[in-house]
Amino acid sequence: MYNDKVMEAFRNPKNVGEIENCDGLGKVGNASCGDIMQITLKIENDVIVDAKFKTFGCAAAIATSSTATDMIIGMTIEEALKITNKKVVEELEGLPPQKIHCSVLAEEAIKAAIEDYQNRKKGIVVEKEEKYV
C-alpha cells in the first residue's frame, strides 16, 4: 500500500517531539479518520530554524508530518506558507488516494503554526479551540 519512501519516513520519522517555548503552534485533526497533528516551530528573523511534530494517526499521517517538518526547516515564513499537500506527497513520491487527507493535515498544521507565530508577534493572544476538519 505504501512506497518505500513513505515507509522509511514512518519507521524513522524526523523531528518528533515538541519545542518548548515555541514561537508557533498549529494543531489540526480529522475526526473522520482520527488523525491529530501538532507542529511547533522555532523561528528566528522570520526563518524556521526548527520544527517538531506530534501526531496521533496512521503511517501516512506520521510520514507526512515528518516530511513536512523536514521540508520547512531553513525556510522563511513566506516559503513555508507555499508548502502544499501536493508538494508533501511529491516529496514522499506518492500516497494512496485514501491517504491524501494526511498530507492536507500537514499543510494545515504548518499554516496554523505560522498563523499562531504571526499573531504572537503582533501581541495577539488567540484562544481558540483545536481545529478539527
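Read-outs throughout are calculated quantities, based only on the coordinates presented, and are distinct from any laboratory measurement. As the structure is a computational prediction, the values presented were derived from the model and not from experiment. Ideal geometry is used to build each Cβ from the backbone, glycine not excepted, and the neighbour counts take in all protein chains shown.
Report yes if Ala51 is over 28 Å from Arg120 (Cα atoms), touching a residue at least 24 places away in the same chain (Cβ under 8 Å) and crowded, with 17+ Cβ neighbours inside 10 Å, otherwise no.
On the way: over 28 Å from Arg120 (Cα atoms): no; touching a residue at least 24 places away in the same chain (Cβ under 8 Å): yes; crowded, with 17+ Cβ neighbours inside 10 Å: yes.
Taking the combined requirement at face value, the residue does not satisfy it.
Would you say Val49 is under 14 Å from Val104 (Cα atoms) and either part of a strand (DSSP E or B) or among the acidic types (Asp, Glu) (or both)?
Numbers: under 14 Å from Val104 (Cα atoms): no; either part of a strand (DSSP E or B) or among the acidic types (Asp, Glu) (or both): yes.
For Val49, the condition - under 14 Å from Val104 (Cα atoms) and either part of a strand (DSSP E or B) or among the acidic types (Asp, Glu) (or both) - is not met.
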